[in-house]
Amino acid sequence: MENVISVNGLVKSFGRTRALDGLDLEVRRGEVHGFLGPNGAGKSTAIRVLLGLLRADAGTTTLFGGDPWRDAVSLHRRLAYVPGDVTLWPNLTGGEVIDLLGRLRGGLDTKRRDELIERFELDPRKKGRTYSKGNRQKVALVAALASDAELLVLDEPTSGLDPLMESVFQACVNDERGAGRTVLLSSHILAEAEALCDQVSIIRAGRTVETGTLTELRHLTRTAIHAELAASPNGLGSLPGVHDLVVEGERVRFQVDNAELDTVLRALTTVGVRGLTSQPPTLEELFLRHYQKEEEVVR
Amino acid sequence: MTGTWHLFRLALRRDRVVLPLWTILLGLFPGLVASSFASLYPDPAELAKFAASMSNPSLTAVYGPIWAPNLGGLTAWRSSIVLLIVALATAFIVIRHTRAEEEQGRRELLGATVIGRQAGLVAGMLVALLASVVVGGLTALGTAAAGAGGTGSIALGLQYFLACLLFGAIAAVIAQITQGARTARWIAGAVLIGSFLLRMVGDAGGDLNSPLSWISPIGLLQRMRPFAGERWWVAAVVLLAVVVLSAVAYRLNAARDLDAGLIAPRPGPARAPRSLLSPLGLAWRLQRSTLFGWLIGYAVLGLFLGSATDAAVDAVKDSPDLADAIARIGSGASIGDMVIAAGMAIIGIGAAGQGIQAALRARGEESALRVEPLLAASVGRLRWAGGHLLFAFGGPALGLLVAGLFLGIGYGAGSGEGAGAIGRVVGAGAGQIPAVWFTVAIVVLLFGLLPQLTGLGWAVLAFFLLLGQLGAILQLSQWALDLSPFTHLPALPGGEVTATPLVWLVALAAVLTGAGLAGFRRRDIASGG
């Protein structure tokens with residue numbers, strides 16, 4: 001499949017701070033790609049380079065096969081963008097901003113626009129300065145989603161939305177996927193990425209630390225097990241792949257490397273299992289493990 | 001008012017460079033002017049002769065009357081432009097620490113901590129008070145040190161102190177009424193310009209007790225008459241006005257919600273009109289009300305000044321001494337033309353301010369991250385910048401022509417010259433355009449190459465204004481005066497026009513603008529934080 005975005009070894013510094021330090025990112029046509037990382041990891045900077053707003057110091061960046069800096073104007077006809085920090089003109093109404101942005105990127109489906117305004121429960125007649133953060137974000141989202149762009153670049157689009165609106169947003173993104181559009185979704189809300197993304201890239205300190213499907217990434221991690229056993233277990237802690245073991249009489253809880261799951265479960269059943277819950281690793285845990293790795297390196 | 005002290009210290013921390021810089025530099029100005037006069041005219045008789053030669057209507061219109069032909073009197077008269085600058089600067093400081101903070105949402109962040117509702121306003125006023133004390137104190141010390149006399153120096157210092165404080169208090173009230181800091185600054189500027197114009201028109205007529213001058217805050221302050229039988233009661237009146245205005249601001253602030261103004265926003269259209277849907281259409285929407293404000297200002301000023309010119313001419317006819325003195329300056333221009341030319345020179349500076357304001361709007365849009373979604377849509381950088389630059393260059397050009405038109409109408413009607421005057425005065429307005437464009441082009445250059453310093457455009461304009469108004473008195477050499485593009489303009493109407501400097505100014509403006517735009521195409525767009 002063809003790449004809509006491909007970024008290789010991207011470097012961008014602001015004065016002495018290195019915001020991007022060899023970032024790699026590949027987004028294939030038709031996928032919803034989660035671009036994950038903690039605050040300040042460089043997600044927005046990378047997106048701004050992709051949009052030709054910032055100039056890369058080193059590395060290669062291509063967007064639809066073109067150069068995002070040189071061909072900015074023509075490439076932007078094919079994408080729609082929702083900034084992480086939506087600021088509106090204080091004396092323009094939300095409706096005016098939606099029409100303006102839609103027109104400037106080359107057209108807007110007015111029927112879809114009205115549909116989306118209704119779906120997001122947005123009042124388009126209010127002036128920009130009177131909108132709350134969430135409503136400003138809705139304005140930008142409606143403008144982007146009502147376009148016919150091939151690629152949607154969404155920079156933390158739900159950080160101001162309430163849970164109800166967030167589910168509306170998720171439904172919209174699923175519609176877009178169905179329509180064959182490509183979505184780059186930056187987020188630090190992992191549940192959102194888990195719900196929406198086909199593929200994720202995790203970045204930290206300006207560098208890509210992990211990339212793949214969620215299933216692939218989970219495979220690399222651990223499952224949390226809570227079990228109630230027939231008797232107190234022996235030697236569980238010495239099995240390979242078992243971590244953070246806590247034994248309280250006949251109850252145990254621990255984490256296990258997925259690669260060793262089979263061996264460990266056998267060991268449990270030999271003791272006798274009365275109750276068992278297992279939780280798949282969440283992205284939080286993925287994240288935390290990368291933090292820990294980093295800290296170990298620092299130490 | 002809990003937390004006022006913290007906010008005050010925060011404000012001083014934020015202004016730690018700019019505040020000392022302008023208060024000290026401008027506070028030293030009157031002293032410098034005084035010592036310069038003292039070395040130019042060491043003999044009081046010569047000083048008096050000089051004063052007599054300066055008492056013509058065109059200079060009185062610009063600077064106000066010379067209340068006493070002594071060192072102090074001349075200093076107070078000649079430095080009156082500085083009085084306007086410090087008043088405006090203090091007004092901006094108050095807005096910066098009140099409404100601007102609130103609009104940016106930073107007040108909200110602080111408001112949730114243990115900080116009282118009035119703390120922001122009071123802290124802003126305290127900064128203004130501090131600035132006023134520094135400016136007033138340095139003015140008094142400087143002029144006294146130059147030998148202008150103690151009592152008068154104290155009165156002059158008090159005048160500067162009160163000018164700062166009064167406009168600080170006016171700004172505090174405005175900041176409560178408007179919802180945006182930009183509008184607040186704009187209104188504060190308009191109040192200052194308005195009070196200057198009232199005084200200008202009042203004094204140009206030759207009647208030193210014109211009610212127009214008395215009701216103008218600037219005219220009122222000048223009627224304290226430092227060095228010429230000080231009227232201390234005027235200071236008391238101004239102080240009372242400061243107290244009343246501060247109390248009004250305090251009450252308004254207590255009564256309103258955070259972020260709200262007194263004027264409630266109305267809902268607007270749900271759909272954008274076709275005219276908005278382009279970068280130029282957006283620029284027009286963002287800039288039009290400011291442009292209309294300026295155009296109305298030019299028209300009103302033009303009419304007033306134009307009709308007052310005739311009274312000035314009459315005043316000179318009645319006084320043979322004055323007519324003699326003017327003949328000795330000897331540019332050959334008629335007295336009416338001289339008044340108009342002096343007025344037009346000031347309007348030219350105003351027009352440059354208009355252009356800078358429009359150019360800074362582009363940077364303001366960028367800093368507020370509002371450019372990002374436009375450039376992320378299919379809009380080229382030059383196309384976006386071009387929309388705003390049209391207003392930065394075209395706006396003041398149009399304004400100068402409008403000013404010329406109405407000045408010409410007023411002048412022509414009063415003097416009986418009729419329509420012939422209009423053409424000449426519109427030409428005089430057009431004559432200012434090259435210097436205005438050059439000044440605006442410097443801002444465009446900064447915008448493209450050193451965007452963080454774009455705001456220095458105002459400092460550049462203040463520098464040109466001070467060079468033009470005070471350079472000769474400070475005995476600066478010609479090359480220093482030549483730094484200001486306004487030095488190179490012919491005095492129109494009445495003066496002689498040579499094309500070379502005008503062509504050079506326009507060409508340089510084009511080069512600077514081109515370099516600025518080339519830089520803008522190459523640089524990163526501001527990404528906040």
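What follows is calculated from the coordinates using simple rules that are stated; it is not laboratory data. A quick note: this is a predicted structure, and the numbers were derived from the prediction, not measured. Cβ coordinates were reconstructed from backbone atoms using ideal geometry, including for glycine residues, and neighbour counts include every protein chain displayed.
Structural remarks
- Each of B:TYR63, B:TYR160, B:TYR250, B:TYR298 has some number of other Cβ atoms within 10 Å of its Cβ, and from fewest to most they run B:TYR250, B:TYR63, B:TYR298, B:TYR160.
- Backbone amide hydrogens, once placed in the peptide plane, bring A:GLY37 within less than 5 Å of A:SER187, A:ILE203, excluding anything fewer than 5 places away on its chain.
- Taking a ≥ b ≥ c as the square roots of the eigenvalues of the Cα gyration tensor, region B:15-63 is classed as oblate, since a/c reaches at least 1.5 and a/b does not exceed b/c.
- Residue by residue, region A:34-42 carries 3J(HN,Hα) couplings of x, 10, 10, x, x, 4, x, 6, x Hz when phi is fed to the Karplus relation 6.51 cos²θ - 1.76 cosθ + 1.60 (θ = phi - 60°); x denotes Gly or Pro.
- Of all aspartates and glutamates in the structure, those lying under 13 Å Cα to Cα from A:LYS12, and not within fewer than 8 positions of it along the same chain, are A:ASP21, A:ASP24, A:ASP57, B:ASP524.
- FRET efficiency, 1/(1 + (r/R0)^6) with R0 30 Å, evaluated for B:ARG271 and B:SER367 via beta carbons: 0.55
- The listed peptides B:487-493, B:26-32, ordered by packing as a protection proxy, come out as B:26-32, B:487-493 (highest mean of other Cβ atoms within 10 Å first).
- Among the trypsin sites (Lys or Arg not before Pro) found in region B:165-231, those both in a DSSP coil and sparsely packed, with 16 or fewer other Cβ atoms within 10 Å of their Cβ, are B:ARG231.
- Other protein chain C-beta atoms within 10 Å of residue C-beta, averaged over A:80-87: 5.
- Prolate/oblate/rounded label for region B:368-482 (Cα gyration tensor, a/c 1.5): oblate
- With a cut-off of 16 Å on the backbone N, the residues of region B:369-394 near the modelled label site 7 Å out from A:ARG55 along Cα-Cβ are B:381-382.
- Placing +1 on the Cβ of every Lys and Arg and -1 on the Cβ of every Asp and Glu, with no other charges, gives chain B a dipole of roughly 1940 debye about its Cα centre.
- Averaged over the residues of peptide B:376-388, the number of Cβ atoms from other protein chains lying within 10 Å of each residue's Cβ is 5.
- Residues whose amide H lies under 5 Å from that of A:LYS127, counting only those 5 or more places away or on a different chain, are B:GLY268; hydrogens are built 1.01 Å from N in the peptide plane.
- Our coupling estimate for region B:72-88, obtained by passing each phi through the Karplus curve with A = 6.51, B = -1.76, C = 1.60 and θ = phi - 60°, is x, x, 5, 5, 4, 5, 6, 8, 4, 5, 4, 4, 5, 5, 5, 5, 5 Hz, Gly and Pro reported as x.
- For A:LYS138, the lysines whose Cα falls under 25 Å of its own Cα, not counting residues fewer than eight places away in the same chain, are A:LYS43, A:LYS111, A:LYS126, A:LYS127.
- A Gaussian network model of chain A, with springs between Cα atoms under 10 Å, assigns the largest mean-square fluctuation among A:GLY42, A:GLY22, A:GLY241 to A:GLY241.
- Ranked packing of A:254-262, B:136-144, most packed first, by mean Cβ within 10 Å: B:136-144, A:254-262
- Taking a point 7 Å out from the Cα of B:VAL18 in the direction of its Cβ, the residues of region B:186-215 whose backbone N falls within less than 17 Å of it are B:186-189.
- Positive end of the dipole of the protein assembly as shown (Cβ unit charges, origin at the Cα centre): among A:THR269, A:GLY30, B:ALA459, the Cα lying farthest that way belongs to B:ALA459.
- Part-to-part distance (alpha-carbon centres) for region A:100-178 and region B:354-387, which is given in Å: 23 Å
- This ranking places B:MET54, A:MET165, B:MET1, B:MET344 by how few other beta-carbon atoms lie within 10 Å of each, fewest first, which gives B:MET1, B:MET54, A:MET165, B:MET344.
- Applying a DSSP loop filter and a limit of 16 other Cβ atoms within 10 Å to the trypsin sites (Lys or Arg not before Pro) in region B:1-89 leaves B:ARG16.
- 5 angstrom amide H check on A:VAL4, placed H, neighbours 5+ away: A:VAL27, A:ARG28, A:ARG29
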